[in-house]
Amino acid sequence: MRVAAIIPAAGIGRRMQKHLPKQYLTLGDRPILAVTLAVFEQMPEITEITVVAQPGALDYCQEQVITPFGFKKVLRLIPGGKERQDSVYNALKVLQRQNDWDIYLVHDGVRPFVTAEEVRRVLRAAARHGAAILACPVQDTVKQVNRNRHIHQTLNRQEIWLAQTPQAFQAATLWRAFVEAYGRELYGTDEASLVEAMGLPVVVEPGSPFNIKVTTPEDLILAAAILQARERIALCQPPSA
C-alpha cells in the first residue's frame, strides 16, 4: 500500500503571539514541526511526505527543519494557500500527477504527540472503509449557546467527538472530495468534512487527549509537560532485547 502523508505547516500562528510561526517554535530541543515529522519518517507504512509551508518560508523550513534533522522521506516542500484547505489542495494537485497512491494521509504539523500505532489504526480503517479520522469523545457536559451567550440546549455528549488528525482517505475519494468542494465553493474545517459533504461515511478511530494541536501559549506549556512526561517514561522502560 502506497501512502502519501501531507503535513500542513503553513499557518501564521497569530494566537501563539510569538515572533515565529508556531510550527517553528522549539519543543524540547527541536522545532515542533520536526517532532511531528519524526513520527512519520520512522514509519515503514509511510511511503513519502509532503510538507506544505508558507510561501515566504520555504527556504526557512528546509534549512531549519528538513535538512538539519535529516528527513529522508520529505520529498516535497510546497507553498501553502490562503486557507488550510487550499494548502492541502496544493499538495494533492502535485501528488495526483503520479496517480499511483492508495492512501492520502493528512496530519497537522503542530500535533507532535500522535503515536505510530494511532497512525496505523487510521490507515487500516481508511483502507477498509474509504475514510477515517482520529477523534476523542468529549468528557464535559456540552452546551449549545446562542450569540447572547444564553444556553439553547444541552447536547448529548455521547454523540459528540472532537476531531483530530491524522485523517486518512483512499486517494480517489479525497481527490474527488476536494474537486467537488471547489466546484461548489465549499470550504470545510477539515478534510473529513469535504468527504462528508459527498454523503460518504467517515469512520472514527479513538484518539488520545495527548494528541494536542499546539495553537496557543497555554498549549505550548502543556506540550512541554507532555514531552517531559514521555521522556521520563522512556527512561523507565527496560532495554529491548
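What number of residues within segment 95-120 satisfy the criterion of being closer than 25 Å to GLY28 by Cα and surrounded by fewer than 17 Cβ atoms within 10 Å (Cβ to Cβ)?
To start, the set of residues in segment 95-120 that are closer than 25 Å to GLY28 by Cα comprises 106-119.
Those left that are additionally surrounded by fewer than 17 Cβ atoms within 10 Å (Cβ to Cβ): 115-117.
Adding up the residues that qualify gives 3.
Give the residue, chosen from GLN164, GLN158, GLN139, that is of a type in the set (S, T, N, Q), within 19 Å of GLY207 (Cβ to Cβ) and touching a Cys at 6+ places or on another chain (Cβ under 7 Å).
Numbers: GLN158 fails: touching a Cys at 6+ places or on another chain (Cβ under 7 Å); GLN139 fails: touching a Cys at 6+ places or on another chain (Cβ under 7 Å).
Every option except GLN164 fails the conditions.
So, of the residues in segment 77-99 that are part of a loop (DSSP other than H, G, I, E, B) and in contact (Cβ under 8 Å) with a residue 40 or more places away in the chain, which turns out to be farthest from the chain's Cα centre (by Cα)?
Narrowing segment 77-99 to residues part of a loop (DSSP other than H, G, I, E, B): 80-83, 96-99.
Remaining after also requiring in contact (Cβ under 8 Å) with a residue 40 or more places away in the chain: 80-81, 83, 96.
Numbers: GLY80: 15, GLY81: 16, GLU83: 15, GLN96: 20 Å.
Selected residue: GLN96.
Filter segment 43-62 down to residues that are of a type in the set (Gly, Ala, Ser), assigned to a helix (DSSP H, G or I) and crowded, with 16+ Cβ neighbours inside 10 Å, then give me how many there are.
The number of residues fulfilling the criteria is 1.
Can you tell me which residue among ALA9, ALA38, ALA34 is in contact (Cβ under 8 Å) with a residue 60 or more places away in the chain and under 26 Å from GLU218 (Cα atoms)? Let's see the steps before the verdict.
Details: ALA38 fails: in contact (Cβ under 8 Å) with a residue 60 or more places away in the chain; ALA34 fails: in contact (Cβ under 8 Å) with a residue 60 or more places away in the chain.
Going through ALA9, ALA38, ALA34 in turn, just one is in contact (Cβ under 8 Å) with a residue 60 or more places away in the chain and under 26 Å from GLU218 (Cα atoms): ALA9.
Suppose the filter is touching a residue at least 24 places away in the same chain (Cβ under 8 Å) and either under 25 Å from LEU95 (Cα atoms) or polar (S, T, N, Q) (or both); does THR154 pass it? Full working, then the answer.
Working: touching a residue at least 24 places away in the same chain (Cβ under 8 Å): no; either under 25 Å from LEU95 (Cα atoms) or polar (S, T, N, Q) (or both): yes.
For THR154, the condition - touching a residue at least 24 places away in the same chain (Cβ under 8 Å) and either under 25 Å from LEU95 (Cα atoms) or polar (S, T, N, Q) (or both) - is not met.
What number of residues within segment 63-76 satisfy the criterion of being more than 16 Å from the chain's Cα centre (by Cα) and buried (at least 16 other Cβ atoms within 10 Å of the Cβ)? Full working, then the answer.
Filtering segment 63-76 down to residues more than 16 Å from the chain's Cα centre (by Cα) leaves 63-73, 75-76.
Next cut, buried (at least 16 other Cβ atoms within 10 Å of the Cβ) only: 64-66, 69, 71.
Residues flagged as more than 16 Å from the chain's Cα centre (by Cα) and buried (at least 16 other Cβ atoms within 10 Å of the Cβ) within segment 63-76 amount to 5.
Hey, among GLY188, GLY183, which residue is loosely packed, with under 14 Cβ neighbours inside 10 Å and at pLDDT 95 or above? Spell out how you get there, then give the answer.
Numbers: GLY188 fails: loosely packed, with under 14 Cβ neighbours inside 10 Å.
Just a single option satisfies the conditions, and that option is GLY183.
The values are calculated or read from the model by the stated rules, or taken from the named source; none is laboratory data. Everything numeric in this text was worked out from a predicted model, so none of it was measured. All Cβ positions, even for glycine, are placed from backbone atoms using ideal geometry, and neighbour counts span all protein chains on display.
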